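The values are calculated or read from the model by the stated rules, or taken from the named source; none is laboratory data. Given the structure is predicted, the values throughout are model-derived calculations rather than measurements. As a convention, Cβ positions derive from the backbone with ideal geometry for all residues, glycine included, and neighbour counts pool all protein chains shown.
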Ligand SMILES: Nc1nc2c(c(=O)[nH]1)N[C@H]1C(S)=C(S)[C@@H](COP(=O)(O)OP(=O)(O)OC[C@H]3O[C@@H](n4cnc5c(=O)[nH]c(N)nc54)[C@H](O)[C@@H]3O)O[C@H]1N2
Ligand SMILES: Nc1nc2c(c(=O)[nH]1)N[C@H]1C(S)=C(S)[C@@H](COP(=O)(O)OP(=O)(O)OC[C@H]3O[C@@H](n4cnc5c(=O)[nH]c(N)nc54)[C@H](O)[C@@H]3O)O[C@H]1N2
Ligand code: SF4
Ligand SMILES: [Mo]
C-alpha cells in the first residue's frame, strides 16, 4: 500500500474522517514531516475544496499537547484521571489476562464492546474490531445512538437508505430542509441549495429552532417538537383534496395510495395546526407550494427522528415525494441517507461467522447505563471496551452511565486519542492514531463517492490504529485465525472485491489507489430498482403491519413527562458531537453553552437574557446561560453542543436526556425529554 509518511514535504490527498455526511476530500500540507495546514481538495466533485472551520483547524487537534502518547494504567479512583505509563506489551497482557479470567468465570458475553463512528474509516470502525469480538464471543452491540429510528422508518417506505443524488439538487426548484441544521451539519447541501436558489429555487426550513439554517431559509416554519408527522399528513390531505397528486405515478410506482387517500382525511388543517403549532393558513400554503413546484427536494435530518415517534415520523415524511411523483424528476425526491448506494461486503469484512454462539445477546447502546447497573442480568457486564466513542458525554441518562462506569468490579478499557471523560473511568487507556496516520476507505452516507486514506504522517507517540490494536489483542488471547492477522489492505479488498451491491460493481482497492475517490454506479431508482418487498413505494406497508406498526403513516404523540418544557439538546457548529469539545481552538470559536428560550417563558420565570438557568428533571440537572428571544416557540428550550466536563460547571445536557427507545430501530430519543427551569 502507498504511504506518504516518508515524504517529508508536499501536499497529500486525504479524506475527512468525521461522522459528517459531507465526507470532504482533503489536502494535507506537510512541512518537515508535520501537517501544517488542512485544506479542501478542489477536485472533489461534491465538496469542491470547501471545508468547515472545525477541520480547517484540525492541526490544533492532531498536535494538541493533550493527545495520548502511550498506554496508561489507572492508579487513582475511577473518574479521577490519575494514571501511570505502561508499555504496549504490558497493556495487552493486562487486558488479555483479565479477559481470560472473566471468560472463565462468567463467559465471553460478560465482555461488552462499545463503539461508534469517531472515525468513519470502515476497517477501523467496523472491521478488525468486529472480527475480534465475534471470535471472542463478546456481547453484540446494537449501534442505535444516531439514525437508527429514521433509517428504519425510511426503509419501510423506500426499502433502504436510497435517496436522490445530492449533485442533482442544483436542479431543484423547491428545497425543504426538514429537521436538519444543514448550515452546521451538511454545509455542501447548503452550497448546492445556493446554486439551486440562483436558478430560482425557494428554500423552506421546518425546525423547532430558528438557527443558522432557519435564517438561511426563504421561509422558516417553526414547529412543535415531535409533531412533524402530523404536518406531513396534513400536507397529504391537501394534496389529495386539491388534486395536486400525480395519479400516474401513484398507480405505477406506489402501493396503498387509495387507503392513504382515505386515511389522511382525518388530518385537516385545523386539527394539524393544533398539534403542530403551525398556523392552518401556513399548512395550506406549504402544501400548495409543494404540490405546485417541481422538481422539489426534501432533505430529511436527524432531528425529527431523535424522538419517541421518530421512526414513524420519517416513514411519514418520506411518503410525500411519491404523492407528487417527484422521484421521476431530476432534482426531485428526498434524502434521509444514501448509504445504500455505497454498501460494501460487510460480512466479508466483519466475519459474523466467527461468532460460534448464534444466540449471543445484543445490547442496545442507548441502554449502556441501565445495563451496567443491572444486577439481575443472567450474565452481568464485567468488562467494557470503548473505542471511537465518548459515552460519558454523548449517551443518554448520564447519571446512570457514570454510576455504572464507577463500578469497582467493572474492567474498563478505553482506546482514544485523548483522555476523554470516558477514559477517566478506565482501568487501561490505549492511545489511538488519528485517521491521517492510518490506511482506510471511506463511504459517505450522503454523496455517492468512496474515498481512500493512505497514511500521511507517522503514528503520534506510541499510538496505534484500531485495526492494529485488535490484531495485538487477538495475539494476546491466543487466537490463531488468519482473519485476525489480515493486513489493512487485505481487509479493504475483502470489503470491496466481491460486491454485494450492483452500485459498487466497478470499485476496487486498486482503482481507488489510482483515483482517490470513485462514484458508485448511478442507476436511477425508478423504474425497477426500489428494494421494498413490492418493488414500489409502500404508502401502505404489510411489513409494518407484521412488525406491529400502523401500516399507514400516522401521527403518534410523544411520551408525556411531568415537566413544562420540551428540551431539544442538539449538536453545535464547531464541535462534532463531543469531538473538539476538549480543543482550545474550537471552544474559543463556540464560546459558551447556552439555552434558547422564548421571551414569553423567560418573562414568566423572571429570567433575563444572559442569566444562568438551571434545567432539571428526575434524571439530573444542567446549568446553561439563557439566550432569550423568538428563536424557539413557547414551551420549547433548545441547547447546542455536547460540551466537555469543566471544573465547577454542570454543562452536560445528557444528564437530562431519557434513555427510552424510539418506536423503531431501538433509536435514541435525545429530543423527547422534558425539563423544568429555574433562575440560578
Ligand atoms: N458541526 C457539526 N456537524 C455535525 C455534527 C456535529 O456535532 N457538529 N454531528 C454529525 C452527526 S453524528 C449527525 S447525526 C448529524 C446531525 O445533523 P442534523 O441532521 O442536522 O441533526 P441535528 O442537528 O441533531 O438536528 C437537526 C435539527 O432538527 C431540529 N429538531 C429537533 N427536533 C425536531 C423536531 O421534532 N422537528 C423538527 N422539524 N426539527 C427538529 C433541531 O433544532 C436541529 O436544528 O450531523 C453531523 N454533522
Ligand atoms: N444530547 C445529545 N446527545 C447526542 C446527540 C445529540 O444530538 N444530542 N447526538 C448523538 C449522535 S447522532 C451521535 S452519532 C453520537 C456520537 O457520539 P460519539 O460516537 O461518542 O462521537 P464523539 O463524541 O465525536 O466521540 C468520538 C470519539 O472517538 C475518538 N476517536 C476518533 N478517531 C478514533 C479512532 O480512530 N480510534 C479510536 N479508538 N478512537 C477514535 C475521538 O477522539 C472521540 O473521543 O452522539 C449522540 N449524542
Ligand atoms: S466535518 Fe464535514 S464539512 Fe467539515 S471537513 Fe469534515 S466532512 Fe467536511
Ligand atoms: Mo450522529
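Among the listed residues 473, 496, identify the single one that is in contact with a helix residue (DSSP H, G or I) (Cβ under 8 Å, 6 or more places away or on another chain), closer than 28 Å to residue 42 by Cβ and in the same structural domain as residue 98 (by TED's automatic domain parsing). Talk me through it step by step, then tell me what you get.
Details: 473 fails: closer than 28 Å to residue 42 by Cβ.
Going through 473, 496 in turn, just one is in contact with a helix residue (DSSP H, G or I) (Cβ under 8 Å, 6 or more places away or on another chain), closer than 28 Å to residue 42 by Cβ and in the same structural domain as residue 98 (by TED's automatic domain parsing): 496.
Which condition number does residue 382 fail, the rest of (1) in contact with a helix residue (DSSP H, G or I) (Cβ under 6 Å, 6 or more places away or on another chain); (2) surrounded by 23 or more Cβ atoms within 10 Å (Cβ to Cβ) being met?
Here residue 382 clears every test but (2).
Taking the options 627, 582, name whichever one is more than 10 Å from ligand 1 (Cβ to nearest atom) and part of a loop (DSSP other than H, G, I, E, B).
Numbers: 627 fails: part of a loop (DSSP other than H, G, I, E, B).
Of the residues listed, the single one that is more than 10 Å from ligand 1 (Cβ to nearest atom) and part of a loop (DSSP other than H, G, I, E, B) is 582.
Report yes if residue 144 is surrounded by 18 or more Cβ atoms within 10 Å (Cβ to Cβ), more than 16 Å from ligand 1 (Cβ to nearest atom) and closer than 30 Å to residue 229 by Cβ, otherwise no.
no
Report yes if residue 392 is surrounded by 24 or more Cβ atoms within 10 Å (Cβ to Cβ) and over 28 Å from residue 12 (Cβ atoms), otherwise no.
Details: surrounded by 24 or more Cβ atoms within 10 Å (Cβ to Cβ): yes; over 28 Å from residue 12 (Cβ atoms): yes.
Here the answer is yes, as residue 392 does meet what is asked.
In this structure, is residue 227 assigned by TED's automatic domain parsing to the domain that holds residue 186, in contact with a strand residue (DSSP E or B) (Cβ under 9 Å, 6 or more places away or on another chain) and touching a residue at least 24 places away in the same chain (Cβ under 8 Å)?
Answer is no for this residue.
Looking only at region 548-568, decide whether some residue is touching a strand residue (DSSP E or B) at 6+ places or on another chain (Cβ under 8 Å) and over 24 Å from residue 659 (Cα atoms).
Checking region 548-568: not a single residue is touching a strand residue (DSSP E or B) at 6+ places or on another chain (Cβ under 8 Å) and over 24 Å from residue 659 (Cα atoms).
Restricting attention to region 255-262, does a residue exist that is touching a strand residue (DSSP E or B) at 6+ places or on another chain (Cβ under 9 Å), in a strand (DSSP E or B) and farther than 25 Å from residue 191 by Cβ?
Checking region 255-262: at least one residue is touching a strand residue (DSSP E or B) at 6+ places or on another chain (Cβ under 9 Å), in a strand (DSSP E or B) and farther than 25 Å from residue 191 by Cβ.
Condition check: under 21 Å from the mean Cα position of the chain (by Cα) and surrounded by 18 or more Cβ atoms within 10 Å (Cβ to Cβ). Does residue 598 satisfy that?
no
Can you find a residue in region 337-349 that is under 21 Å from residue 570 (Cβ atoms) and either touching a residue at least 40 places away in the same chain (Cβ under 8 Å) or in the same structural domain as residue 506 (by TED's automatic domain parsing) (or both)?
yes
Please work out which residue is farthest from ligand 1 (Cβ to nearest atom), limiting yourself to region 631-647 and to residues that are over 16 Å from residue 572 (Cβ atoms) and either touching a strand residue (DSSP E or B) at 6+ places or on another chain (Cβ under 7 Å) or not assigned by TED's automatic domain parsing to the domain that holds residue 577 (or both).
So the residue we want is 634.
Within region 535-553, take every residue that is touching a helix residue (DSSP H, G or I) at 6+ places or on another chain (Cβ under 8 Å) and surrounded by fewer than 18 Cβ atoms within 10 Å (Cβ to Cβ) and give me the one that is nearest to residue 501 (Cα to Cα).
The first filter runs over region 535-553 and keeps only residues touching a helix residue (DSSP H, G or I) at 6+ places or on another chain (Cβ under 8 Å), leaving 536-541, 543-544, 549-553.
From what's left, surrounded by fewer than 18 Cβ atoms within 10 Å (Cβ to Cβ): 543, 550.
Values: 543: 23, 550: 31 Å.
Restricting to residues being touching a helix residue (DSSP H, G or I) at 6+ places or on another chain (Cβ under 8 Å) and surrounded by fewer than 18 Cβ atoms within 10 Å (Cβ to Cβ), the top hit is 543.
So residue 70 ticks every box in (1) buried (at least 17 other Cβ atoms within 10 Å of the Cβ); (2) within 27 Å of residue 488 (Cα to Cα); (3) over 20 Å from the mean Cα position of the chain (by Cα) but one. Which box is left unticked?
(1)
Find the residue count for region 396-416, including only residues that are crowded, with 23+ Cβ neighbours inside 10 Å, away from ligand 1 (no atom under 16 Å from the Cβ) and in a loop (DSSP other than H, G, I, E, B).
1
Evaluate the following for residue 318: is it more than 16 Å from ligand 1 (Cβ to nearest atom), in contact with a strand residue (DSSP E or B) (Cβ under 6 Å, 6 or more places away or on another chain) and in contact (Cβ under 8 Å) with a residue 60 or more places away in the chain?
Details: more than 16 Å from ligand 1 (Cβ to nearest atom): no; in contact with a strand residue (DSSP E or B) (Cβ under 6 Å, 6 or more places away or on another chain): yes; in contact (Cβ under 8 Å) with a residue 60 or more places away in the chain: yes.
Taking the combined requirement at face value, the residue does not satisfy it.
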